[in-house]
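Here is the structure we will look at, set down as structure tokens.
The values are calculated or read from the model by the stated rules, or taken from the named source; none is laboratory data. Given the structure is predicted, the values throughout are model-derived calculations rather than measurements. So basically every Cβ, Gly included, is an ideal-geometry build from the backbone, and we count neighbours across all protein chains shown.
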Amino acid sequence: MATVLITGGTGLIGNALTKELVQKRYNVIILTRDPSAHQNISDQVSYAKWDIKDQVIDEKAVAAADYIVHLAGANVAEGRWIDSRKKEIVESRTRSGDLLVKALKEIPNKVKAVISASAIGWYGPDETIPAAKPFVETDPADASFLGQTCMKWERSIEPVMQLGKRLVILRTGIVLSNEGGAYAEFKKPLKLGVAGILGNGRQMISWIHINDMAGLYLFAIENENLSGIYNAVAPQPVSNQQLVETMKKERGGFGISMHVPAFVLKAALGEMSIEVLKSTTVSSKKTEAAGYSFIFPNIEVAVRNLNKKAS
């Protein structure tokens, strides 16, 4: 039975992936600052210590791993992007990458592959809406804060290739899940009968269902021919308004559709409002060509599934 070592394993994607790996009979080791704070959810799951700040990691955990899934990184949507917050967002990703590279260099190990998160924040805004051409993996990093953060994030983990490890980087879209993230926030006003559309609602959202997100990590682990960068987005991006209206429809169509003006979002969120209002159309063609078949390829089936799970 193979062992997967996960950083950021207690987050939204980490929890979903852990459940998937346990079902597939993998052993899972989750790296955390305080292993004693967690109860094992299965005999196949254990916790081991690491500390990014002090650059320490459990050597036995690294030695036991066959694969590493690197999800660690501060949530970009928690709090305004003041300078100290920006520093935390960047360093939580780059210093954790540095620590993994250092560990793989210095600790005897059998790790075959590293599967690392990145984000579609790498890409800039669409030049036109609808976009004449979606973003693909070879497009350059945007000059924005998130674009440059993603570039530093990916560069921090790239040295594992020089150690003979297969590296897969998944640029994650907006993850749809009842357990947290943007989708859970969109659901809140709907419970009060309001479908909140952000700005003019025309901005395109490149999304992915949480089950497909976990499925893609498993796919990357199990396919030895897979390496390089892949967009983790569903084949059919949608506008913000289409997403919200679909959610409203699946809840019976009740409620008032209401636009939240851009200036209100800017006042509430500061610089982060740029990302909320940004239109980014991202291609999934390379991911599909690699052989991954999406469980939820369009927004209607994705929202219907999440609505059913929540009821």
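Please go through segment 221-280 and give me each residue that is under 22 Å from Gly121 (Cα atoms), aliphatic (A, V, I, L, M) and more than 22 Å from the chain's Cα centre (by Cα), ordered by number.
Ala262, Leu265, Ala267, Ala268
For (1) closer than 25 Å to Pro134 by Cβ; (2) surrounded by fewer than 19 Cβ atoms within 10 Å (Cβ to Cβ); (3) in contact with a Phe, Trp or Tyr (Cβ under 6 Å, 6 or more places away or on another chain), each residue gets a yes or a no:
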position: Ile229; (1), (2), (3): yes, yes, no
position: Gln242; (1), (2), (3): yes, yes, no
position: Lys248; (1), (2), (3): no, no, no
position: Val260; (1), (2), (3): no, yes, no
position: Phe263; (1), (2), (3): no, yes, no
position: Ser283; (1), (2), (3): yes, no, no
position: Phe296; (1), (2), (3): yes, no, no
position: Glu300; (1), (2), (3): yes, yes, no
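Of all residues in segment 250-269, which are assigned to a helix (DSSP H, G or I) and among the basic types (Lys, Arg)?
Correct list: Lys266 only.
Given the residues Ala16, Ala2, Ala48, which is the only one that is of a type in the set (Gly, Ala, Ser), more than 21 Å from Lys165 (Cα to Cα) and touching an Asp or Glu at 6+ places or on another chain (Cβ under 7 Å)? Steps first, please.
Details: Ala16 fails: touching an Asp or Glu at 6+ places or on another chain (Cβ under 7 Å); Ala2 fails: more than 21 Å from Lys165 (Cα to Cα).
Result: Ala48 is the single residue among Ala16, Ala2, Ala48 that is of a type in the set (Gly, Ala, Ser), more than 21 Å from Lys165 (Cα to Cα) and touching an Asp or Glu at 6+ places or on another chain (Cβ under 7 Å).
Please state which of the following conditions Leu167 fails to meet, knowing it meets all the rest: (1) buried (at least 17 other Cβ atoms within 10 Å of the Cβ); (2) in contact with a helix residue (DSSP H, G or I) (Cβ under 8 Å, 6 or more places away or on another chain); (3) part of a helix (DSSP H, G or I).
With (1) buried (at least 17 other Cβ atoms within 10 Å of the Cβ); (2) in contact with a helix residue (DSSP H, G or I) (Cβ under 8 Å, 6 or more places away or on another chain); (3) part of a helix (DSSP H, G or I) applied to Leu167, the lone miss is (3).
What do you reckon, is Tyr123 among the hydroxyl-bearing types (Ser, Thr, Tyr), closer than 18 Å to Val282 by Cα and buried (at least 17 other Cβ atoms within 10 Å of the Cβ)? Give the steps one after another, and end with the answer.
Numbers: among the hydroxyl-bearing types (Ser, Thr, Tyr): yes; closer than 18 Å to Val282 by Cα: yes; buried (at least 17 other Cβ atoms within 10 Å of the Cβ): yes.
Yes.
Considering only residues that are of a type in the set (D, E, K, R) and either in a helix (DSSP H, G or I) or surrounded by 17 or more Cβ atoms within 10 Å (Cβ to Cβ) (or both), look in segment 179-200 and name the one that is nearest to the chain's Cα centre (by Cα). Give the derivation first.
Going residue by residue through segment 179-200, those that are of a type in the set (D, E, K, R) are 179, 185, 187-188, 191.
Cutting the leftovers down to either in a helix (DSSP H, G or I) or surrounded by 17 or more Cβ atoms within 10 Å (Cβ to Cβ) (or both) gives us 185, 187-188, 191.
Numbers: Glu185: 16, Lys187: 19, Lys188: 21, Lys191: 26 Å.
Across segment 179-200, the extreme among qualifying residues is Glu185.
Quick check, is Lys133 modelled with pLDDT of 95 or more, more than 23 Å from Gln203 (Cβ to Cβ) and among the basic types (Lys, Arg)?
Answer is no for this residue.
What number of residues within segment 270-311 are small (Gly, Ala, Ser) and part of a helix (DSSP H, G or I)? Reasoning before the result, please.
Filtering segment 270-311 for residues small (Gly, Ala, Ser) gives 270, 273, 279, 283-284, 289-291, 293, 302, 310-311.
Still in the running and part of a helix (DSSP H, G or I): 270, 273, 289, 302, 310.
So the answer is 5.
Of the conditions (1) part of a helix (DSSP H, G or I); (2) over 24 Å from Val28 (Cβ atoms); (3) not acidic (Asp, Glu), Leu216 fails just one. Which one is it?
Going through (1) part of a helix (DSSP H, G or I); (2) over 24 Å from Val28 (Cβ atoms); (3) not acidic (Asp, Glu) one by one, Leu216 breaks only (2).
Given Glu137, Glu91, Glu78, which one is within 25 Å of Thr32 (Cα to Cα), assigned to a loop (DSSP other than H, G, I, E, B) and acidic (Asp, Glu)? Break it down into steps so the answer makes sense when it comes.
Details: Glu137 fails: within 25 Å of Thr32 (Cα to Cα); Glu91 fails: assigned to a loop (DSSP other than H, G, I, E, B).
Result of the check over Glu137, Glu91, Glu78: Glu78.
Is it the case, given these coordinates, that Pro297 is in contact (Cβ under 8 Å) with a residue 12 or more places away in the chain, closer than 30 Å to Asp83 by Cα and either out of contact with any strand residue (DSSP E or B) (no Cβ under 7 Å at 6 or more places or on another chain) or among the charged types (D, E, K, R) (or both)?
Considered against the rule, which asks whether it is in contact (Cβ under 8 Å) with a residue 12 or more places away in the chain, closer than 30 Å to Asp83 by Cα and either out of contact with any strand residue (DSSP E or B) (no Cβ under 7 Å at 6 or more places or on another chain) or among the charged types (D, E, K, R) (or both), Pro297 comes out as no.
I need the full set of residues from segment 271-311 which are more than 18 Å from Arg251 (Cβ to Cβ) and β-branched (Val, Ile, Thr), in order please.
Scanning segment 271-311 gives Ile274, Val276, Thr280, Thr281, Val282, Thr287, Ile295.
Which of the residues spanning segment 7-46 are within 24 Å of Arg171 (Cβ to Cβ), part of a helix (DSSP H, G or I) and among the hydrophobic types (A, V, I, L, M, F, W, C)?
Leu12, Ile13, Ala16, Leu17, Leu21
Take the residues in segment 201-213 that are of a type outside the set (A, V, I, L, M, F, W, C) and in a helix (DSSP H, G or I), then tell me which one is surrounded by the fewest Cβ atoms within 10 Å (Cβ to Cβ).
First, the residues of segment 201-213 that are of a type outside the set (A, V, I, L, M, F, W, C): 201-203, 206, 209, 211-212.
Applying the additional criterion that residues be in a helix (DSSP H, G or I) yields 211-212.
Numbers: Asn211: 19, Asp212: 27.
Filtering first and then ranking leaves Asn211.
Among residues belonging to segment 265-277 that are of a type in the set (A, V, I, L, M) and surrounded by fewer than 16 Cβ atoms within 10 Å (Cβ to Cβ), point out the one that is modelled with the lowest pLDDT.
Taking segment 265-277 and keeping what is of a type in the set (A, V, I, L, M), we get 265, 267-269, 272, 274, 276-277.
Narrowing further to those that are surrounded by fewer than 16 Cβ atoms within 10 Å (Cβ to Cβ): 267-268.
Working: Ala267: 84, Ala268: 79.
Among those that are of a type in the set (A, V, I, L, M) and surrounded by fewer than 16 Cβ atoms within 10 Å (Cβ to Cβ), it is Ala268.
If a residue has to be among the β-branched types (Val, Ile, Thr) and assigned to a loop (DSSP other than H, G, I, E, B) to count, how many in segment 112-133 make the cut?
Step one: of segment 112-133, the residues among the β-branched types (Val, Ile, Thr) are 114-115, 120, 128-129.
After this cut, where a residue has to be assigned to a loop (DSSP other than H, G, I, E, B) as well, the list is 128-129.
So the count comes out to 2.
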